[in-house]
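Report on one structure; see the data block that follows.
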Amino acid sequence: MSEHINPFLKPYGTPHDTVPFDRIQLEDFEEAFMEGIRRDNEYLEKTINNPEKPTFDNTILNPFDENDGYYDLLDRVSTVFFNLLSAETNDEMDALAQKMQPILTKHANDMRLNPQLFERIKKVHLHHRRLTPEEQRLLGDCYEGFVRSGALLDETGKEKLRQLTEEASMLSLQFSQNLLKENKAFTLHITDEAQLDGLPETAREAAAMTAKEMNKDGWVFTLDIPSYSPFMTYSTQRELRKQMYMARNTVCTHDNSENNIEICKRLINLRREIAQLLGFKTFADYVLKHRMASNVRNVYRLLDNLIDAYKPTALQERDELKKIAKKEVDKIYPWDSGFYSHQLQMKKYNLDAEMLRPYFELSKVIEGVFGLANKLYGISFKENKDIPVYHPDVKAYEVFDKDGSYLAVFYADFHPRKGKQSGAWMTEYQGQWITKKGENIRPHVSVVMNLTKPTDEKPALLTLGEVETFLHEFGHSLHGMFANTRFESLSGTNVWWDFVELPSQFMENFAIEKEFLRTFAFHYQTGEPLPDELIRRIVKSRNFMVATACLRQVSLGLLDMAYYTKKDTFEDDIIPFEKKAWKKAIIGEQLPDTCMTVQFSHIMAGGYAAGYYSYKWAEVLDADAFAVFKRHGIFDQKTAQSFRDNILSKGGTEHPMTLYKRFRGGEPTIDALLKRNGIKRETKKA
């Protein structure tokens, strides 16, 4: 038996140097982490002891950026480990994360708070050779990154910052692990077929398959969206809908080890303390310094404008819902909204998700999404089964540019499973950069989703909403795949967070375009194309409950800002605070026991703290940008090339508004969004 060699410590020897998931063992991670830290420290010592005068080339540039025969081992192993922690974890991985997180945070602080290293960076910042715009951006980001990490603090301040950041990193990890455990712990087990009343065949088959996988009789429903959403939409069993709703909306509030309430309170205070230690009034002020919105006032202006524009229509939508529900119930509760929304949609448009599912078979949707990228940008995708993957659900593709040259590796991970967080996201296993020898290192990007699974009877048949989710994450992946910058830290999706959602939300626009649907939407059994009449109803129903959906997003933005604009210690009870924080965007009844905060990963464990408004900010941009395509044709390659050249390939090399104006010819207004949503209002600046 040959001795196992840690794959992180040598060249991978795989197609395109992709991660050798099939050769990685759990113990490899810790060994590679510690060796990566050792190499970092060795590099740090060489840099700070360099007798030469600090320059851009010997201080800001490093072997990791330049890839001159050396790779950043710590980045390499961290990327794989933390990506898998979200997509394919287990108890052993979780335990290792708990062990390594404080070590990694301490190491990051050791690097960022090293006074000799910062002194060299500061000298380069003040005195440097003539730099290219991209080099100037890198230098500015580097200097500012150290400052924002505490480099200007005195020793007492640095020690305090270490304590705060180490505690915050551990709590963020604990938040995510608790949420995953709570979400996966709940099941609704049904053995009486009468309790399936109203549920479509696809939902029944999926629940039967889940029960079979769990060695149970009957049907099992979970809190994963492909299971939860159809149940809440179609089940006539109001008490069971209530049970499902309350399970989902009270996760991490129970009296057990997965309760996230105190963790959230502590995270809010830790981030406020960090910001104030660094000289900012609030954490929101700290975050927004590097955002398009630039300050709290502009965020609230956007959210308030959206409330003013959409709330009257949302109230009308609520009245319509009450009217249709009145025949059966005296009062609408949150677990009734999806059920009666479906009835209203059927009454107004004779359309629901199940009518469309047969036309959205996953393999055809993949062909359609890839075909869209080909029509717009000329790129093509070819599955390569020699590229290792971390789970059988994952498919790996080589991506080729319009001239036939290799562009990227693209992983797609489609379905929910036990060790996978809920939701959908895009990530990278390798970023893009150009070595000093001129080699363009191409990216390895991945989209992770929780789409409807195939059953014993049927292939994976998606809803239109799931098609939109795929398009959204694919938009992020295009941002990564088209990256073409010199430095990895400025490439792809390394942009300000209220700009990062533009490429993703932009792609969602295609979901209801007839020309696009005609390329892939064929009945999985008969091969018949999606009928014109159904397409007409899709387009007509585009804005169904759109104002209610908008206010939901705005309410989450308000909640986020309420926490992170706090100047004083947060001592409130989370649940009542939440109800008050978003009240002006809420049009329905709030239940006293439900809580969003404790499962709001975006702002507690993700990168959206004081930034959730970004989705609405970027929506203004995406509607404005798509209007150009509508004017010239949705497959217009000249417009697409401009979008690629000016936005998708530039990463964070310039200010995002500069990039946007270069594509659009001017700053965006809210007009295109209001027009798309059927809301009429006077022009407002984003």
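Read the figures in this text as sums done on the coordinates, not as results from a lab. Fair warning: this is a prediction, and the values are worked out from it, not measured in the lab. Here the Cβ positions follow ideal geometry from the backbone for every residue, glycine too, while neighbour counts run over all protein chains shown.
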If eta is 0.692 mPa s and T is 37 °C, what Stokes-Einstein diffusion coefficient results for the range 68-161, Kirkwood Rh from Cα pairs, in µm²/s?
207 µm²/s
The range 543-686: Rg to Rh, with Rh as the Kirkwood radius over Cα pairs
1.05
From Cα coordinates alone, what are the radius of gyration and Dmax values for the range 413-500 in angstrom?
15.9, 54
Rounded to one decimal in Å, the inverse mean reciprocal Cα-Cα distance for the range 119-237, i.e. its Kirkwood radius, is 19.5 Å
Amide H to amide H, which residues 5 or more places from ALA408 or on other chains are under 5 Å from it, using H placed in the peptide plane?
VAL399
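Is the C-alpha gyration tensor of the range 176-318 telling us rounded, prolate or oblate? Criteria: a/c under 1.5 is rounded; beyond that, a/b larger than b/c is prolate, otherwise oblate.
Oblate is the answer for the range 176-318, as a/c is 1.5 or above yet b/c matches or exceeds a/b.
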Just tell me which aspartates and glutamates come within less than 14 Å, Cα to Cα, of LYS323; anything on the same chain fewer than 8 places away is out.
ASP336
Taking the alpha-carbon centre of each part, the distance from the range 230-259 to the range 630-662 in Å is 43 Å
Whole-percent tail of the Cα-Cα distance distribution for the chain, cut at 42 Å, equals 26 percent
Whole-Hz ³J(HN,Hα) for each residue in the range 194-201, computed from phi via Karplus 6.51 cos²θ - 1.76 cosθ + 1.60 with θ = phi - 60°, x for glycine and proline: what do you get?
4, 7, 8, 3, x, 6, x, 4
Hull surface over four for the Cα convex hull of the range 469-534, reported in nm², is 5.8 nm²
Packing-based ranking, highest mean first, of 553-565, 512-524 given that Cβ atoms within 10 Å are counted
553-565, 512-524
Count the net charge of all other residues whose Cβ sits under 12 Å from the Cβ of ALA483, scoring Lys and Arg as +1 and Asp and Glu as -1.
+2
As straight-line cross-link partners of LYS418, the qualifying lysines (C-alpha separation under 20 Å, not fewer than 8 residues apart within one chain) are LYS181, LYS184, LYS212, LYS216, LYS395, LYS453
For the range 362-376 versus the range 511-562, the gap between their alpha-carbon centres in whole angstrom
17 Å
Entries in LYS331/LYS584; LYS327/LYS675; LYS289/LYS661 that, when Cα-Cα distance is taken, lie over 25 Å:
LYS327/LYS675
Name the residues whose placed amide hydrogens come within less than 5 Å of the amide hydrogen of THR669, ignoring near sequence neighbours (fewer than 5 apart) on the same chain.
none
Classify the range 471-580: rounded, prolate or oblate, from the alpha-carbon gyration tensor (a ≥ b ≥ c, eigenvalue square roots; a/c under 1.5 rounded; otherwise prolate if a/b is larger than b/c)?
oblate
Tell me, what HN-Hα J-couplings in whole Hz come from the Karplus equation 6.51 cos²θ - 1.76 cosθ + 1.60 at θ = phi - 60° for each residue of the range 605-622, using x for Gly and Pro?
10, x, x, 9, 4, 6, x, 5, 4, 3, 4, 6, 4, 5, 5, 4, 5, 5
When ranked by the protection proxy of mean other Cβ atoms within 10 Å per residue, highest first, what sequence do the peptides 159-172, 655-668, 352-365 form?
352-365, 159-172, 655-668
Using a ≥ b ≥ c from the Cα gyration tensor of the range 271-403 (square roots of the eigenvalues), is it rounded, prolate or oblate, where a/c under 1.5 gives rounded and otherwise the larger of a/b and b/c decides, a/b for prolate?
oblate
Label-point separation (nm) for ASP255 and GLN116, each offset 7 Å from Cα along Cα-to-Cβ?
5.6 nm
Scalar couplings 3J(HN,Hα) for the range 178-183 by Karplus 6.51 cos²θ - 1.76 cosθ + 1.60 (θ = phi - 60°), nearest whole Hz, x for Gly and Pro, are 4, 5, 4, 4, 5, 5
Give the aspartates and glutamates whose C-alpha is closer than 13 Å to that of LYS580, dropping any in the same chain fewer than 8 places away, or say none.
ASP560, ASP572, GLU589
Give me the Kirkwood hydrodynamic radius of the range 365-475, using the inverse of the mean 1/r over all pairs of distinct Cα atoms, in Å to one decimal.
15.2 Å
